[in-house]
Amino acid sequence: MPITISVLKEAPNENRVALSPTVVSKLVKSDYQVLVEKDAGSRAFYQDAAYTDAGAKVVDQATAIKGATIIAAVNQPSSEVVDQMSEGQSLIGLLAPLTDTDFVKKLAAKKINALSFELLPRTVSRAQTMDVLSSQSSVAGYKAALMAADHFSRYFPMMITAAGTAKPAKVLVLGTGVAGLQAIGTANRLGAMVSGYDIRPASRGEVESLGATFLTTSVSGSGEGGYARALTPEETAQQQEELAGFIAQNDVIITTAQVPGRRPPVLVTQKSVDEAKPGTLFIDLAASDLGGNVAGSKPAETVTTANGAQIVGAGDMASQLPASASDMFAKNVQAVITDITEDGKLVFDIDDDVVGELLATYQGEIISNRLRSAMELPERKPAAQAQDDTQTPDEAKDDAKGVD
Ligand code: NAD
């Protein structure tokens, strides 16, 4: 029996699809079978016929679920989908395990093996082709800058015309990780005057190399693994106050700040929004049901304030460039599935430095130590080390001497 990868249609607010026809064709040539739910790719402009031409079978949802060795999804599938899955089937996608531990418990109880991209150890070089957070953030940052230029009531570049000179727009990007840097690069190419700000001082070089100005406050917050740490309430207040000055001097503020597994920090307070000049545009990439970086932002909505500023809840930017985002997502999925395939079977090596972290659940257990820590579970040790820990001191000595 070949490994069967099933792709389901995402929820109505999601335009992306987990596999593109190009990747399906490569998988089929490598002896995987692919089932695609009818219309799964239509919102990313991938029609059923393109999947059929690539060698997939287009089927109804129940058939795709039942026939799957592994289901590839962009976002957490609905509980109706999970209810139809059975023990031993696998699931890969952005499953939000760190913020929705009830979903993780449900998968574990059903003994579904779940790989979640949020858990990928991104600094391990083998994992870079699997890095959905980077590929989707990059798309999101680009689209955010385009959307900013489109929504802004003035030119982005300086324009010298017979009817006068237009000043360039001043764009400030708060949070200069993958999305922020892409937004800076894109806004720069559109001719705006761009500056960037982050609490990780290490990002200064990246911002400056793109030709933007790096701004700092007295608050610095580098955390583990290259990420930012959550700030204390006092640091947050201090940061917000210092940022208010920068915000007031800019026309467009694109915010991308995230702290993994937590609510996004509020960088633009209600006071800063209330004091913004008319026409000021806030594009909040962190806007989600968990909150956002801008006070008053609402996911997937544009709010116009009483003082004439606009706040765009832009947490769905990758979904707004669905074909490119899906292409990259699909390549990331392909990289993981290829990595865990051995002799025509999916093999989950829970002690592997990448797979052992990417795995939220396996055979009913919570595997990723990052997830275990978020769920207040004790650290899981690699099998060899766990065995060593259960040895008596004499057995350990014998092992060290090579005694059977
Ligand atoms: P992210 O999406 O988690 O957060 C976006 C940005 O928000 C980050 O730059 C973060 O520092 C910033 N931020 C968080 N809280 C903030 C606050 N209170 N004020 C201002 N800024 C705040 O970040 P990301 O894009 O996933 O990148 C995080 C880090 O991981 C970066 O250093 C990036 O270079 C690194 N990274 C490394 C690899 C790799 O090694 N292959 C791949 C991807 C990302």
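Miscellaneous remarks
- Filtered residues of the stretch 98-119 (kept if surrounded by 23 or more Cβ atoms within 10 Å (Cβ to Cβ) and under 12 Å from the mean Cα position of the chain (by Cα)): S116, F117, L119
- Residue check for Q128: closer than 19 Å to A318 by Cα and either at pLDDT below 95 or near the ligand (Cβ under 9 Å from one of its atoms) (or both): yes
Residues are listed down the side, and each one gets a yes or a no for (1) more than 20 Å from D150 (Cα to Cα); (2) more than 24 Å from the chain's Cα centre (by Cα); (3) not assigned by TED's automatic domain parsing to the domain that holds A169:
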residue	(1), (2), (3)
E234	yes, yes, no
A237	yes, yes, no
I254	no, no, no
P265	yes, no, no
K271	yes, yes, no
K277	no, yes, no
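- Qualifying residue in the stretch 318-327 (condition: open to solvent by less than 20 Å² (accessible area, probe 1.4 Å) and either modelled with pLDDT under 95 or within 16 Å of the ligand (Cβ to nearest atom) (or both)): yes
- Scanning the stretch 175-227 for residues that are farther than 22 Å from E242 by Cα and either of a type in the set (A, V, I, L, M) or at pLDDT below 95 (or both) turns up V178, A179, A183, A187, L190, A192, L210, E224, G225, G226.
- In the stretch 113-151, the residue that is farthest from D339 (Cα to Cα) out of those that are touching a helix residue (DSSP H, G or I) at 6+ places or on another chain (Cβ under 7 Å) and of a type in the set (V, I, T) is V139.
- Pairs linking a residue in the stretch 41-68 that is farther than 14 Å from V81 by Cβ to a residue that is in a loop (DSSP other than H, G, I, E, B) and aliphatic (A, V, I, L, M), with Cβ atoms under 7 Å and 6 or more positions apart or on different chains, are G41/V17; A44/V17; Y46/V17.
- The criterion of at least 1 residues that are more than 16 Å from V333 (Cα to Cα) and touching a strand residue (DSSP E or B) at 6+ places or on another chain (Cβ under 6 Å) is met by the following helices (runs of 4 or more DSSP H) wholly inside the stretch 10-103: 48-53, 61-66.
- Output for the stretch 120-161, where each listed residue is without any contact (Cβ under 8 Å) to a residue 40 or more places away in the chain and more than 16 Å from the chain's Cα centre (by Cα): S125, D150, Y155, F156, P157, M158, M159, I160, T161
- Meets criteria (within 25 Å of A360 (Cα to Cα) and open to solvent by 50 Å² or more (accessible area, probe 1.4 Å)) for T123: yes
- Within the stretch 142-170, the residues that satisfy the criterion of being within 16 Å of the ligand (Cβ to nearest atom) and either of a type in the set (A, V, I, L, M, F, W, C) or not assigned by TED's automatic domain parsing to the domain that holds G205 (or both) are A144, A145.
- Among the candidates E224, E206, E235, E275, residue that is over 25 Å from F117 (Cβ atoms) and within 11 Å of the ligand (Cβ to nearest atom): E235
The values are calculated or read from the model by the stated rules, or taken from the named source; none is laboratory data. Bear in mind that the values here come from a model prediction, so they are computed numbers and not experimental data. Cβ sites come from the backbone with ideal geometry, for glycine too, and all protein chains shown count toward neighbours. Keep in mind that these areas ignore ligands, DNA and RNA; they rest on the heavy atoms of the full protein, side chains included. Shrake-Rupley method; radii C 1.70, N 1.55, O 1.52, S 1.80 Å.
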